[in-house]
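The values are calculated or read from the model by the stated rules, or taken from the named source; none is laboratory data. Just so we're clear, the structure is a prediction, and the values are computed from it rather than from any experiment. Cβ placement follows ideal geometry from the backbone for every residue including glycine, while neighbour counts extend to all protein chains displayed. Quick note on the areas: whole protein, heavy atoms, side chains included, nothing else; ligands and nucleic acids left out. Shrake-Rupley method; radii C 1.70, N 1.55, O 1.52, S 1.80 Å.
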Amino acid sequence: MIEVGMKDIQDAYEQIEPFVFKTPMIYSEPTSRRVGSEVWFKMENLQMGGAHKIRGALNSMLKLSPEELKRGVVTASAGNHSLAVAYAAKLMETSAIVCVPEYAPLTKRQKAEKYGAQLLVCGPHFEDAERKAFEVARETGRKFIHAYETPETIAGQGTVMLECFREWKDFDAVLVPTGGGGLLCGTAIACKAEHPETKVYGLQTEASAPWLRSFHEKTLHNDCAYAPTCADGLEGAIGWPNVELALTCVDDIFVVDERTTREGIQWMASKHHFMIEGASATCLGALFEEHEELKGKKVLCLITGGNIDLDKFCNICEETYE
């Protein structure tokens, strides 16, 4: 099993703090009034690169030796991790190759290239991009920087919750958009160490939900249906190591309807004037669906990123929700 503890998260924060923003937590009065809970947002969409992923990427790369940095890095991602690695590589004056699937949003591709990374588009599925990245690592000696499944990445992502606890410790529940599970596990480890009563719920959309059965049946199930989703950052197969770790600290997984996720994007723009990704909007979708576990509770939503293509954002905002 991957081993990560609160000390690892604290050490990660000391490493990355000089390079990242301390993002704000904001209270959402309109959301709280609508759903009957006290709702707070941790605004990682305002983070370096527009997403929380810089935390894990930086923590991983700050641990590399001078020789490894000289050879450069490579990664695979549907978007935010690729631009986080590109940005971290620029900070550390090394080179990066990022491998993305064809569905990776244009805005994320452009940002990665803007930061100086070499971009490789590698087929229709995340697994295609990951295979290519491993191939590049073998052939060039570049260090592979995993998006979610190493102790360094998980500890780095857990610093989001560490920051929150330095302001508040009495959340009843935390909602965590969940792709590979690095943020989910890091958040849950921090919660169980600092405030064990806090419940941690992972979120996926119905269009791509391998976590639900994997978590409940305690065995890996990537045989679910995969359909296009506005939460592209959560799309794709998952690995057993993070599921195994999540079983020790996560309370449950919620699957959110695609429609309420899209409504969450529109709601955030209308009520708070922020553009957020579909992954982030699963938090709002879960609240709108009135899960019994969230009613009347103090709920923290991790708004993980804001890198959404403008045309997609505009189309969603023009839709009608009743």
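First measure r as the distance between the Cβ atoms of Y27 and R131, then evaluate 1/(1 + (r/R0)^6) with R0 = 35 Å and state the FRET efficiency to the nearest 0.05.
Working: r = 44 Å, r/R0 = 1.26.
The computed FRET efficiency comes out at 0.20.
Could you give the distance between the Cα centres of region 37-69 and region 96-169, to the whole Å?
Each part's Cα centre sits 11 Å from the other's.
I'd like to check one number: the per residue accessible area of region 82-170, probe 1.4 Å, reported in Å² as a whole number. Provide the component values of the computation, followed by the final result.
Values: 3860 Å² over 89 residues.
Roughly 43 Å² per residue, with all protein chains present.
Which pairs, out of K90/K132; K114/K295; K7/K53; K108/K218, put more than 31 Å between their alpha-carbon atoms? Show your work: numbers first, answer last.
On the way: K90/K132 22 Å; K114/K295 43 Å; K7/K53 20 Å; K108/K218 33 Å.
Pairs exceeding 31 Å: K114/K295; K108/K218.
If you restrict to DSSP beta bridges whose two residues both lie in the chain, what percentage is antiparallel, to the nearest 5? Don't jump to the answer; show the numbers that get you there.
On the way: 5 of 34 bridges.
Around 15 percent antiparallel, to the nearest 5.
Rounded, prolate or oblate: which fits region 192-322, taking a ≥ b ≥ c as square roots of the Cα gyration tensor eigenvalues, rounded meaning a/c under 1.5, else prolate when a/b beats b/c? Working shown, then result.
Numbers: a/c = 2.04, a/b = 1.37, b/c = 1.49.
In terms of gyration-tensor shape, oblate.
How long are the three semi-axes of the equivalent ellipsoid of region 1-58, in whole Å, if each is the root of 5 times an eigenvalue of the C-alpha gyration tensor, listed from largest down? Present the calculation step by step, with values, prior to reporting the outcome.
Working: eigenvalues 156, 49, 19 Å².
Computed over region 1-58, the values are 28, 16, 10 Å.
Have a look at V121, V85, V176 and tell me which one the Gaussian network model of the chain (Cα, springs below 10 Å) gives the largest fluctuation.
Top of the fluctuation ranking is V121.
List, in order, the whole-Hz ³J(HN,Hα) value for each residue of region 113-129 obtained from phi through the Karplus relation with A = 6.51, B = -1.76, C = 1.60 and θ = phi - 60°; use x for Gly and Pro.
Couplings: 5, 4, 7, x, 7, 8, 9, 10, 8, 10, x, x, 10, 4, 4, 5, 5 Hz.
Which of the GluC sites (Glu not before Pro) across region 168-272 are loop residues per DSSP, with 15 or fewer other Cβ within 10 Å? Let's see the in-between values first.
Details: sites: E194, E197, E206, E217, E235, E244, E258, E263; in loops: E197, E206, E235.
Passing both the DSSP loop test and the Cβ count: E197.
Can you list residues whose amide H is under 5 Å from M92's amide H, if they're 5+ apart or on another chain and H is modeled 1.01 Å from N?
Residues meeting the criterion, in which the H sits 1.01 Å from N, do not exist here.
Across region 139-154, in residue order, what do the Karplus-derived ³J(HN,Hα) couplings come to in whole Hz, using 6.51 cos²θ - 1.76 cosθ + 1.60 with θ = phi - 60° and x for Gly and Pro?
Computed from phi, the couplings for region 139-154 are 7, 10, x, 5, 7, 7, 9, 6, 6, 7, 10, 9, x, 5, 5, 4 Hz.
Between the DSSP loop rule and a limit of at most 14 other Cβ atoms within 10 Å, which chymotrypsin sites (Phe, Trp or Tyr not before Pro) in region 1-86 are left?
Working: sites: Y13, F19, F21, Y27, W40, F41; in loops: F21.
Loop-located and lightly packed - F21.
Placing unit charges on C-beta atoms (Lys and Arg positive, Asp and Glu negative, everything else neutral), compute the dipole magnitude of region 148-303 about its Cα centre in debye, rounded to 20. Don't skip to the answer; put the middle values down first.
Working: 12 positive and 24 negative charges, 58 e Å.
In total the dipole reaches around 280 debye.
What are the ³J(HN,Hα) values, in whole Hz, obtained from phi via the Karplus relation 6.51 cos²θ - 1.76 cosθ + 1.60 with θ = phi - 60°, for each residue of region 298-311 in sequence order, with x given for Gly and Pro?
In residue order, the calculated couplings are 8, 10, 9, 9, 8, 8, 6, x, x, 8, 10, 4, 4, 5 Hz.
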